[in-house]
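Q: Structure incoming, see below.
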Amino acid sequence: MAIKLSDADKKTLTDAFNEAVNKSPDADTPTTMLSADGSETTFRAVVEKGLKDGTIFKNIEMMLNNMPVSLDEIVAETKKVRFALPKQPKP
C-alpha cells in the first residue's frame, strides 16, 4: 500500500520547511537557481512554490515509499536545515 501524507502531515512538514527557511540568512537572496520561466529565484520562493503546488509532498511520499526513512526523521532533518549560498572560490 502506498503511503499518502495526511493534511496533518502536510501541515507538520510545512511548519518544518518554514522554520528552516526563516532561520536561513540567504533565503531571500536571489541565486543562480532559475525558475521555470528562466528568472532568478530565491530559496524561499522555491520552498513556497513546492509547498503550494505539492511537489515537496509528492517527493516526500516517494521517499517514504522507497526508502527506510520515517516522516518523523524527515521533519527533524528539515528543521535542522540551514539554507546557505555556496561560498565563492577565492581568485
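The values are calculated or read from the model by the stated rules, or taken from the named source; none is laboratory data. Because the structure is a prediction, the values reported are computed rather than measured. Glycine also receives a Cβ, built like all others from the backbone with ideal geometry; neighbour counts cover every protein chain displayed.
Q: Looking for something modelled with pLDDT under 95, of a type outside the set (Lys, Arg), part of a loop (DSSP other than H, G, I, E, B) and within 17 Å of the chain's Cα centre (by Cα) - is there at least one such residue anywhere in region 51-64?
A: no
Q: Exactly one condition in (1) in a helix (DSSP H, G or I); (2) touching a helix residue (DSSP H, G or I) at 6+ places or on another chain (Cβ under 7 Å); (3) at pLDDT below 90; (4) not polar (S, T, N, Q) is not met by residue 28; state its number.
A: (1)
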